[in-house]
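Reviewing the structure listed below.
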Amino acid sequence: MSLLSYNMVVQKSPIDGAMLRKVAGELATGVTVVTTTVNGRFHGCTANAVTSVSLEPPLVMVCLAQTASTHPMISAAGVFAVNILPDTAAAKDICTTFAGKRDDKFSGITCHPGPTGAPLLTGTVGWFDCTIETTHDLGDHTAFIGRVVAAEQQGGCPLVFHRGQFHSLAN
Ligand SMILES: Cc1cc2nc3c(=O)[nH]c(=O)nc-3n(C[C@H](O)[C@H](O)[C@H](O)COP(=O)(O)O)c2cc1C
């Protein structure tokens with residue numbers, strides 16, 4: 001049996017945004033809040049286009065829409081932190097807050113500056129603190145490649161995102 005026979009809909013180039021989102025939604029990912037700091041103010045947004053790139057040197061990548069207000073802040077700061085969210089009700093609220101467009105996203109959030117100054121949220125399963133190594137504008141997003149200057153695994157169960165919904169690795 002052909003593999004293609006499992007596909008409900010096959011679309012060939014040009015691929016529209018809806019189809020790209022649908023298929024990309026099959027990639028189960030963790031959920032992060034990417035943060036930075038400019039002139040003493042904290043900024044951040046929810047991101048799941050995040051991946052480890054290289055062990056030596058230690059590099060991670062975050063892809064952000066060029067329309068995200070966090071984008072120019074990370075460019076200006078030259079640093080960012082990746083906060084990996086745990087599978088808790090509070091973290092789901094944090095994900096939603098940071099996926100919005102608000103000036104007061106950090107209100108009520110417990111965090112402290114990491115080594116680069118970018119804020120580290122309390123209670124994550126882990127974090128990377130990075131200085132920007134290089135950036136690449138790719139279509140309507142920018143890939144920020146960060147050199148990891150500090151990292152910590154804090155334990156716990158990560159939040160999982162698949163087909164637009166949260167999932168749990170527990171049970
Ligand atoms: C689970 C989830 C993952 C997301 N991943 C990304 C991502 O990887 N890159 C991105 O640019 N936006 C992503 N978004 C959307 C941004 O969080 C959203 O556009 C946000 O409003 C940006 O905030 P800002 O404009 O204040 O920076 C994601 C949203 C959700 C809910």
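The values are calculated or read from the model by the stated rules, or taken from the named source; none is laboratory data. Worth saying up front: this structure is predicted, and the values here are computed from it rather than measured. For neighbour counting, all protein chains shown are included, and Cβ atoms are generated from backbone atoms with ideal geometry for every residue, glycine included. In case anyone asks, the SASA skips ligands and DNA or RNA and just uses the protein heavy atoms, side chains included. Shrake-Rupley method; radii C 1.70, N 1.55, O 1.52, S 1.80 Å.
Quick notes
- Near T36, once Lys and Arg are set to +1 and Asp and Glu to -1 for all other residues with Cβ below 14 Å from its Cβ, the sum equals +1.
- Surface share of carbon and sulfur [accessible, 1.4 angstrom probe, percent] for the stretch 17-164: 56
- For the stretch 18-130, the solvent-accessible area with a 1.4 angstrom probe is 49 square angstrom per residue.
- Separation between Cα centres of the stretch 33-56 and the stretch 148-171, rounded to whole Å: 15
- Between helix 89-98 and the chain there is an angle of about 90 degrees, using the helix long axis and the longest principal axis of the Cα atoms.
- Reachable lysines, given that their alpha-carbon falls under 28 Å from the alpha-carbon of K101 and they are not under 8 places away in the same chain: K22, K92
- Given charges at Cβ of Lys, Arg, Asp, Glu: the chain dipole, positive-most of M19, V148, T67: M19
- Size of charge dipole - the chain - debye, nearest 20, with Cβ of Lys, Arg +1 and Asp, Glu -1, no other charges: 360
- Helical runs (DSSP H, four residues minimum) scored at -39500 (n - 2.57) apiece and divided by the length of the chain put the mean residue ellipticity at 222 nm at -4000 deg cm²/dmol.
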